[in-house]
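**Student:** My questions will all concern the structure given below.
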Amino acid sequence: METQTAENNEISFAEFNLKSEILKAVNELGYEAPSPIQQKTIPLLLEGKDIIGQAQTGTGKTAAFALPVLHSINVKSSDVQALVLTPTRELAIQVAEAIHSYAKHLGRVRVLPVYGGQSISQQIRHLRSGVQIIVGTPGRVMDHMRRETLDISNLKMVVLDEADEMLRMGFIDDVEWILSHTPKERQTALFSATMPREVRRIADNYLNEAVNVQIEVKTLTVPTVKQFYLNVSERQKTDALTRLLETEAAPGEAVLIFHRTKVGAAELADKLQARGYAAEPMHGDMSQSLRETVIKKLKNGKIEIVVATDVAARGLDVERISTVVNYDMPSDTESYVHRIGRTGRAGREGRTILFVTPRQQRMMRDIERYTKQKIEPIKLPTQADVAARRVGLIKEKIIATLAEQDLELYLSLVEDLAEETSRDIAEIAAAAVFLTVGDKPIEVNVEPEREQFAYSEEGMVRLFIDVGRRHQISPGDVVGAIANEADIPGKAIGAIDVNDRFTLVDIPGELVEQVLKKMQRSKIRQLNMNIRRASSADAETPREKPSERERERAPWRDAGRDSGRDRDFINRREFKGKKAKRKDSKKPFPKRKKSKN
Ligand code: AMP
């Protein structure tokens, strides 16, 4: 078996000779250059080779197989031509969505995610209407094959995504059964983060002269900077970033933020500007001279934040950069090391913060292993932390002004004011401070924080439904119920996050009232359910337990940490309210009813 390693040579997507419609979609998504795994895998798959890719989430492996799959699809035929097997329904949905986004300009390409928990008759209807690419979990795919509702006799390509996970979850026999029923002349790609013996055996038995593709791990020189990580969900990233900028970045120091895409870098810089930061993007679509202008501005302090892509920030050397934020996970370890090397220049101290979403935990452990350095966790600063920091900065400024400025004239102004208004000097000082804070007030405003997590994408409002995975609810059920009951188009419904006992779903703001009203007494999969606006209690927050102090200050923060406790949490609040009343009337409090869960 041949083994190839991916290197970081400069090659562009255009060199792959993919269909122009695919290149257009990739460019619109803002991908600047193929990631290392894509560089090696895409040409091999286009040549028709079988491959074993040792890669995991975050390396860009989905596009590594999805682009060649789409390239080889005959759009005019309605046969099932490609099958992607994934360990979980979430990954199936995610991969199907990714393929869909790359297929945007290809005309009528039908991609269907199929997974357990979703109505099988609905899936059969979709399958009958002609689907070219199936992305599914092994059990459900096998089910359809047995029922003969899925005809794979014209299959050209099979992808096993996260094969080691499928093994771990006990699906490997199903995978093998499916493979043994696929046409012999198919092409096969197997992706796995690790290569346990069983996965290797599948590769030996079902792949044909497969080429091994690995991302080469070079000897690394890791700069001596302090490395931290923060657990966030995708939708929390922007808010988390602004809080960190407020509480962590020292005035006068520069921050470099890494984004994976050109479009994303530009959008994030816009958002930061809108929030009052001197931020600018730097990416591959900008001319060299424009990029140099940005670097110059960063060097001389005209801007404090640059949001860059990996390509644009290569070799960037600005001493002022004290903090590097990996807003997106880098596509490989080497790129992480390169990114963090943009700080701690010229013997200065530097610090890096890596945003890690739940699915990227393994990638972070990999980075730790390869760099042989620990990345320490940090907590998301609270609103109170932000306020405390603002107070601290104002105090510092005032103390420095007292020490450095000649305040004679101002002193007499204050004395005049005190006399004219018969106010205390302290009150006048307070008014003056108020004037200096501008749009950054120091009060801790708890309600907006709660709301913040209740909103997701712009224009969308997050709703909370009190049934979840343990009630056998799938995203498809949620879409079905809301679309039917509330009479809104299914595609208007945004992100759906099915947790163990509850579900969060994003609805366009203008449809929220309609949904809430029409769904008051409705059911999902025969189950009674309640729907309401989500609060921060429902938000996905880091796993670690909050400190006692934090819990006291913001009790709702506790509930979202462990999805399983959500029901209890709601009951606890009702319970507290009742108890207070009962105490007054001196009646014994009735025994609390056992929660159904
Ligand atoms: P994956 O490893 O397939 O889960 O991909 C991780 C993330 O990287 C996804 O959000 C992709 O949209 C993104 N991505 C994939 N390829 C590239 C690329 N060449 N440049 C920038 N982002 C990419």
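The values are calculated or read from the model by the stated rules, or taken from the named source; none is laboratory data. Since we're looking at a predicted model, the values are computed, not measured. Note that each Cβ is placed from the backbone with ideal geometry, even for glycine, and that neighbours are counted across all protein chains shown. Ligands, DNA and RNA are stripped out before the accessible areas are found, and what is left, the full protein with its side chains, is counted by its heavy atoms. Shrake-Rupley method; radii C 1.70, N 1.55, O 1.52, S 1.80 Å.
Yes/no per residue for (1) touching a residue at least 24 places away in the same chain (Cβ under 8 Å); (2) outside any helix (DSSP H, G or I); (3) touching a His at 6+ places or on another chain (Cβ under 7 Å):
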position: Ile257; (1), (2), (3): yes, yes, no
position: Leu272; (1), (2), (3): yes, no, no
position: Gly276; (1), (2), (3): yes, yes, no
position: Glu292; (1), (2), (3): no, no, no
position: Ala313; (1), (2), (3): yes, yes, no
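**Student:** Continuing with the same structure: Identify, from the list Thr333, Thr436, the residue that is surrounded by 13 or more Cβ atoms within 10 Å (Cβ to Cβ) and polar (S, T, N, Q).
**Tutor:** After applying the criteria, what remains is Thr333.
**Student:** Inspect segment 499-509 for any residue being in a helix (DSSP H, G or I) and open to solvent by 30 Å² or more (accessible area, probe 1.4 Å) and give the result as yes or no.
**Tutor:** yes
**Student:** From (1) more than 16 Å from the ligand (Cβ to nearest atom); (2) open to solvent by 30 Å² or more (accessible area, probe 1.4 Å); (3) more than 25 Å from Lys24 (Cβ to Cβ), pick out the condition that doesn't hold for Arg235.
**Tutor:** So the condition that Arg235 fails would be (1).
**Student:** Moving on. Within segment 56-75, can one find any residue that is away from the ligand (no atom under 15 Å from the Cβ), open to solvent by 30 Å² or more (accessible area, probe 1.4 Å) and assigned to a loop (DSSP other than H, G, I, E, B)?
**Tutor:** Scanning segment 56-75 turns up at least one residue that is away from the ligand (no atom under 15 Å from the Cβ), open to solvent by 30 Å² or more (accessible area, probe 1.4 Å) and assigned to a loop (DSSP other than H, G, I, E, B).
**Student:** Which numbered condition trips up Ile93, out of (1) within 16 Å of the ligand (Cβ to nearest atom); (2) among the aliphatic types (A, V, I, L, M); (3) assigned to a loop (DSSP other than H, G, I, E, B)?
**Tutor:** Only one criterion is unmet by Ile93, namely (3).
**Student:** Looking at segment 515-533 only, could you name the residues that are surrounded by 14 or more Cβ atoms within 10 Å (Cβ to Cβ), among the polar types (S, T, N, Q) and more than 22 Å from Gln122 (Cβ to Cβ)?
**Tutor:** none
**Student:** Please go through segment 101-147 and pick out each residue that is at pLDDT 95 or above and out of contact with any helix residue (DSSP H, G or I) (no Cβ under 9 Å at 6 or more places or on another chain).
**Tutor:** The answer is Val131, Gln132, Arg146.
**Student:** Any idea which residue in segment 181-203 is surrounded by the fewest Cβ atoms within 10 Å (Cβ to Cβ), counting only those that are free of Cβ contacts under 8 Å to residues at least 12 places away in the same chain and assigned to a helix (DSSP H, G or I)?
**Tutor:** Once the filter is applied, the top-ranked residue is Arg197.
**Student:** Here's a follow-up. Modelled with pLDDT of 95 or more and within 23 Å of Leu127 (Cα to Cα): is that true of Pro68 in this structure?
**Tutor:** yes
**Student:** Further, regarding this structure: Would you point out the residue of segment 204-251, among those that are in contact with a Ser or Thr (Cβ under 9 Å, 6 or more places away or on another chain) and acidic (Asp, Glu), that is modelled with the highest pLDDT?
**Tutor:** Here the answer is Glu234.
**Student:** I want to confirm something. Restricting to segment 76-92 and keeping residues that are surrounded by fewer than 24 Cβ atoms within 10 Å (Cβ to Cβ) and polar (S, T, N, Q), which single residue is nearest to Leu127 (Cα to Cα)?
**Tutor:** Selected residue: Ser78.
**Student:** Of all residues in segment 19-45, which are away from the ligand (no atom under 14 Å from the Cβ) and open to solvent by less than 10 Å² (accessible area, probe 1.4 Å)?
**Tutor:** Scanning segment 19-45 gives a single hit, Leu45.
**Student:** Does Gly48 satisfy the criteria of being more than 9 Å from the ligand (Cβ to nearest atom), outside any helix (DSSP H, G or I), small (Gly, Ala, Ser) and in contact with a Phe, Trp or Tyr (Cβ under 9 Å, 6 or more places away or on another chain)?
**Tutor:** Spelling it out, it is not the case that Gly48 is more than 9 Å from the ligand (Cβ to nearest atom), outside any helix (DSSP H, G or I), small (Gly, Ala, Ser) and in contact with a Phe, Trp or Tyr (Cβ under 9 Å, 6 or more places away or on another chain).
**Student:** On to the next question. Over 24 Å from the mean Cα position of the chain (by Cα) and either in the same structural domain as Tyr229 (by TED's automatic domain parsing) or within 24 Å of Ile340 (Cβ to Cβ) (or both): which single residue out of Lys379, Lys372 fits that description?
**Tutor:** Lys372
**Student:** Same structure, new question: Could you figure out which of (1) at pLDDT 90 or above; (2) surrounded by fewer than 15 Cβ atoms within 10 Å (Cβ to Cβ); (3) of a type outside the set (Asp, Glu); (4) within 20 Å of Ser335 (Cα to Cα) isn't true of Gly301?
**Tutor:** Condition (4) is where Gly301 drops out.
**Student:** Here's a follow-up. Taking Met329 and the conditions (1) closer than 22 Å to Glu234 by Cβ; (2) touching a residue at least 24 places away in the same chain (Cβ under 8 Å); (3) not in a loop (DSSP other than H, G, I, E, B), which numbered condition does it fall short on, given that it satisfies the others?
**Tutor:** Unmet condition: (3).
**Student:** For Val84, only one of the following conditions fails: (1) over 27 Å from Thr333 (Cβ atoms); (2) within 13 Å of the ligand (Cβ to nearest atom); (3) in contact (Cβ under 8 Å) with a residue 60 or more places away in the chain. What is its number?
**Tutor:** The number of the failed condition is (1).
**Student:** Continuing with this model, one more query. Has segment 93-105 got any residue that is over 25 Å from Gln118 (Cβ atoms), surrounded by fewer than 24 Cβ atoms within 10 Å (Cβ to Cβ) and either small (Gly, Ala, Ser) or not assigned by TED's automatic domain parsing to the domain that holds Gly476 (or both)?
**Tutor:** Scanning segment 93-105, I find at least one residue that is over 25 Å from Gln118 (Cβ atoms), surrounded by fewer than 24 Cβ atoms within 10 Å (Cβ to Cβ) and either small (Gly, Ala, Ser) or not assigned by TED's automatic domain parsing to the domain that holds Gly476 (or both), so the answer is yes.
**Student:** If you take the residues of segment 311-330 that are closer than 21 Å to Leu245 by Cα and within 15 Å of the ligand (Cβ to nearest atom), which of them is surrounded by the most Cβ atoms within 10 Å (Cβ to Cβ)?
**Tutor:** Asn326
**Student:** To continue, here is another question. Condition test on Glu404, is it within 17 Å of Ala250 (Cα to Cα), under 50 Å from the mean Cα position of the chain (by Cα) and exposed (fewer than 12 other Cβ atoms within 10 Å of the Cβ)?
**Tutor:** no
**Student:** Taking the options Arg260, Arg345, Arg351, Arg320, name whichever one is within 25 Å of Gln214 (Cα to Cα) and out of contact with any helix residue (DSSP H, G or I) (no Cβ under 6 Å at 6 or more places or on another chain).
**Tutor:** Checking each option against the conditions leaves just Arg260.
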